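K.L.:
The structure is given below, and queries will be raised subsequently.
FYI, it's all coordinate maths here, none of it is from the lab. Model, not experiment: these values are computed from the prediction. Methodologically, a virtual Cβ is constructed for each residue, glycine included, from the backbone with ideal geometry; neighbour enumeration extends over all protein chains shown.
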Amino acid sequence: MRRAAAGAEVGLLSALTALVDAGPPSVRFGPWRELRRRLMSRPLPVLGAADTGGAARVDVGSRELPDPQAEVVLVTGGLGTGGVETVIGMLARDLPGHGVRTSVLCSAGGATAEALQNEGIAVREAGDAATAAACVAQLPAGAVAQLHNAPEHLIEACQAAGVPIMPVLHTTDINLTPEQWRRAGRLTDAAPVSVAVSEIVRAFHLRGVPQQPGSPIVVIPNGVEPHPAAAGTAAAARAQLSDLLRAPLDQVTLFTCLARYDIQKNVPGLVSAFLEAAAERPDLHLIVAGPVTDWLEYRLARALCRGHAAGHRVHLMGPSDPHRLLAASDAFVLDSFFEGWAVASSEAVMAGIPVVVSDTGGAAELVGEQGSRGYLVGNPAGDPEVMSMPRIRRARRRTGGQENRSELVDALRRVHDDVDRWRGRRGDLAADARSWLGREMMVSAHAETIISVAARS
């Protein structure tokens, strides 16, 4: 009876998802999304960070730094939590160590903004054009503006003040109108240099702009900070998870997906495929952990679990400490429709666990040649270089039959069946990742680019 009711709920929520997808942005976002939150939200389990023993706050101003060769303002939208915010945080903290004085200009604050301010980093908030102009006027002569998904009023303020602009392309943006593509093309055409976080992002941008940019677009992959697990951390994290979720996890193969519940991350599609694999592997478990930006996504994923015999082995959590989750996990999975270079996937590779990732920006590089670090599966909506909202809508209308489903299910099975070998390689995989994926390489490449732009200004 319960499964029949869950099946009816899946049908209803799938139809509602299709209606929302077909609607204008005001239906997918804005007040209608807030209404869905009010009607559908519920408390989710959260795994917090480990006790650090009261580690002292980092005071950036107290560090001994090299003489600055350039000044950059990192310009962005809201500074809450997410992959782009993680990258901005690393750049803001580390660029001064490479000779680049740094500040941040955002349209709205949030957790990342507060953390940076607490560490002594200058963060200015400008939610309107007048405030933006005033903030930009305070920048020293010769400063460079590096754009990270910056809103239009902040870009215009930098342009009006004659500040050199360096766009950073973070994703394959499927929501741009023809006019927005023209503006994006003019921006990269006028910039001394632009940065793409992966080859797929660079190719996607060049396909979309009406003319080839007159300046180069260089690729600088997103790096991550290694968090080596101390002795006993993995066992302790898994034990804490077992207590939190009231599920025995000590003898299981545990996959983790660190992702928001929203249209990009395709959590219902992942859950549907995982349930098929879990039906054949009784010790296979999945954790999805992240903020809920659209509660319809969460409710559809939960309904899929309720309607399946293996549904109790899928655990839907809220934003949790990624390093403890990855320490507790045997593998990582992400089935997104589009990514620039997923920071969560990089963190999993850095943790030394195998990854199963859909074909999006950075995925092939993270998996490695001949699958040395996991499995690359097809994109759930087709070719990632020509991704579009209509393609994503079609894929979401058939959550149980997306294009990559058989590949994804097979990859999940393979990791499970070979989990002992992957566990034995964990230390070696983590050590290898630190040699090419660390934040130091990313920050150094950005610093060189910024200094080069400043020297030409």
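K.L.:
Mind ordering 16-28, 190-202 by average Cβ neighbours within 10 Å, highest first?
P.N.:
190-202, 16-28
K.L.:
If you place +1 on the Cβ of every Lys and Arg, -1 on the Cβ of every Asp and Glu, and leave all else neutral, what size is the dipole of segment 226-434 about its Cα centre, to the nearest 20 Debye?
P.N.:
660 debye
K.L.:
Where does helix 199-208 land angle-wise versus the long Cα axis of the chain, in degrees 0 to 90, nearest 10?
P.N.:
Helix 199-208 sits at roughly 70 degrees to that axis.
K.L.:
OK, next. What angle, in degrees between 0 and 90 and rounded to the nearest 10, separates the Cα long axis of helix 2-22 from the longest principal axis of the Cα atoms of the chain?
P.N.:
30 degrees
K.L.:
Test of understanding: express the Cα radius of gyration of the chain as a ratio to 2.2 N^0.38 Å, with N the residue count.
P.N.:
Taking N as the residue count of the chain, the ratio is 0.98.
K.L.:
Length gain on complete extension for the stretch SER372 to TRP181, per 0.36 nm per residue less the alpha carbon to alpha carbon distance?
P.N.:
65.1 nm
K.L.:
Also: Report the charge-dipole magnitude of the chain in Debye, nearest 20, computed about the Cα centre from +1 at each Lys and Arg Cβ and -1 at each Asp and Glu Cβ.
P.N.:
1440 debye
K.L.:
Any idea what the relative contact order of the chain is, in percent, if you count C-alpha pairs under 8 Å spaced at least 6 apart?
P.N.:
Computed value for the chain: 18 percent relative contact order.
K.L.:
If you don't mind, there's one more thing I want to ask. Dividing the alpha-carbon radius of gyration of segment 195-276 by 2.2 N^0.38 Å (N being the number of residues), what value is obtained?
P.N.:
Compared with the compact-globule rule of thumb, segment 195-276 sits at 1.71.
K.L.:
Compute the acute angle (0 to 90°) between the alpha-carbon long axis of helix 439-456 and the principal axis of greatest extent of the alpha-carbon atoms of the chain; round to the nearest 10°.
P.N.:
Once rounded, one gets 30 degrees.
K.L.:
What does the convex hull of the Cα atoms come to per residue for segment 109-245, in Å³?
P.N.:
About 187 Å³ per residue, rounded to a whole number.
K.L.:
Could I ask something else about it? Put +1 on the Cβ of every Lys and Arg and -1 on every Asp and Glu Cβ in the chain; which of VAL144, HIS205, ALA411 then has its Cα farthest towards the positive end of the dipole?
P.N.:
It is ALA411, whose Cα lies furthest towards the positive end.
K.L.:
Follow-up question, since we're still on this one. Would you mind listing how long segment 278-410 runs along its three principal axes, going by Cα atoms, in whole Å with the largest first?
P.N.:
38, 37, 31
K.L.:
Determine the distance separating the Cα centre of segment 388-403 from the Cα centre of segment 83-139; give it in Å without decimals.
P.N.:
Spelled out, the Cα-based centre of one part sits 37 Å from the other.
K.L.:
Counting Lys +1, Arg +1, Asp -1, Glu -1, what net charge surrounds GLY89 among other residues with beta carbon under 13 Å of its beta carbon?
P.N.:
-3
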